[in-house]
Amino acid sequence: MKGHTYVSRPVDDNGYVQWSDEENKTWSVLVERQSNVIKGKACDAFYEGLALLNFPTDRIPQIPDINRILNSITGWGVEPVPAIIQPKEFFTLLANKRFPAATFIRVPEEIDYIQEPDIFHEVYGHTPLLTNQSYADFMEKFGTLALQADPKDRARLFRLFWFTIEFGLLTTPDGLRAYGGGILSSIGETQFCVSGEPVVQPFDVLTVLRTPYRIDIIQPLYFAINDFSDLFSILEQDILGLLERSKTLGNNEPLYPPADKKAS
């Protein structure tokens, strides 16, 4: 069944969006619910970022307000975009310390899951960690690297982003903790990722580049780093050389059920 068709809200000359009462209510429900779910599952840096950004709970935060804080800490900001942008534009924004966020929020009927990243996913899931310098530096350097890659290889290269920024786990003395925005903005993914059910492997660049994924299921496989400084060391490797090697070796056997044209 086809889901709701989303259209981004216009942004005024000052960068503000006129959100409806229903949209603000959806944000409030999502924030309250997710704040309870992430307890004992999110990494410390995520909590620290939430405290710094201090999102309102009764309305969707406005991008200029977020940007004032992010810019003062790491020099980053959020860029309002339509629902879908091209890969080159996405990577260019990252390389310029701008994180794209579509200005729409899911409808109540799809509150548990939508495939398209909405403003709850982008703002609640990702921006708290943009207050962490290592995370922010990785994002910037990844964008620069992706622009250097052959466009036909960018989908494979994006696996590095998928298994870190979107669905990354952190190994801590207290156990596994989530830092990926795709996890921390999803009630189901947050609960599942540390349940002991999925496969969790140490992060290895070549392995990740050979690992396909699907966007429409709970992830059966996660990769864990030990510290956010590991993110920066990832990109100190010969990524483009490893990318070529991963193409020669081919993909690893996926852990998810087959689905035509759903793997990336």
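So what's the Cα pair-distance distribution over the chain, bin width 10 Å, in %?
Pairs per bin, as whole percents: 7, 31, 39, 21, 3, 0.
Given contacts defined as C-alpha pairs under 8 Å and at least six residues apart, what's the relative contact order of segment 1-123, whole-number percent? Intermediate values should be presented prior to the final figure.
Details: 133 pairs, mean separation 35.6, N = 123.
Dividing the mean separation by the residue count of segment 1-123 yields 29 percent.
At 0.36 nm per residue, minus the direct Cα-Cα distance, what do N71 and E22 gain on full extension? Give it in nm, one decimal, please. Please list the in-between numbers first.
Details: separation 49, 0.36 × 49 = 17.64 nm, distance 2.98 nm.
Full-extension gain reported as 14.7 nm.
At 222 nm, what helix-only mean residue ellipticity would the chain give, in deg cm²/dmol to the nearest 500, using -39500 (n - 2.57) for each DSSP H run of four or more?
Numbers: 11 runs with 104 residues, N = 264.
Theoretical 222 nm ellipticity from helices: -11500 deg cm²/dmol.
Can you tell me the relative contact order of the chain? Whole percent, Cα pairs under 8 Å, sequence separation 6 or more. Before the final figure, lay out the partial values.
Values: 411 pairs, mean separation 48.8, N = 264.
The value is 19 percent.
Which cross-chain or sequence-distant (5 or more) residues have an amide H under 5 Å from the amide H of V200, H modelled 1.01 Å from N in plane?
Correct list: Y222.
Going down the table (K88/K141; K39/K141; K39/K88), which pairs top 24 Å between alpha carbons? Let's see the in-between values first.
On the way: K88/K141 14 Å; K39/K141 30 Å; K39/K88 36 Å.
In this structure, K39/K141; K39/K88 lie more than 24 Å apart at Cα.
Across the Cα atoms of segment 105-252, what radius of gyration and what greatest pairwise Cα-Cα distance (Dmax) are found, in Å?
For segment 105-252, the Cα-based Rg and Dmax read 15.1, 45 Å.
Would you mind computing, in nm to one decimal, how far apart the modelled labels at D58 and R33 are, each placed 7 Å from Cα along Cα→Cβ?
So the label points at D58 and R33 sit 2.2 nm apart.
Could you name the aspartates and glutamates in cross-link range of K41, using Cα to Cα under 13 Å and dropping any fewer than eight places away on the same chain?
Straight-line reach from K41, under 13 Å: D174, E189.
Only helices at least 20 Å long along their axis, Cα-based, and averaging -1.0 or more on Kyte-Doolittle count here, so list those DSSP H runs from the chain.
On the way: long enough: 21-37 (24 Å, -1.16); 133-148 (23 Å, -0.15).
Span-like helices in the chain: 133-148.
For segment 21-249, what is the percent of antiparallel DSSP beta bridges, rounded to the nearest 5? Display every interim value, and only then the final one.
Numbers: 4 of 16 bridges.
Approximately 25 percent, going by the DSSP bridge assignments.
All of the numbers you see were taken from the coordinates with simple rules; none came from a lab. Being a predicted model, the structure only gives us computed values, none of them experimental. Please note: Cβ atoms are built from the backbone with ideal geometry, for glycine as well, and neighbour counts cover all protein chains shown.
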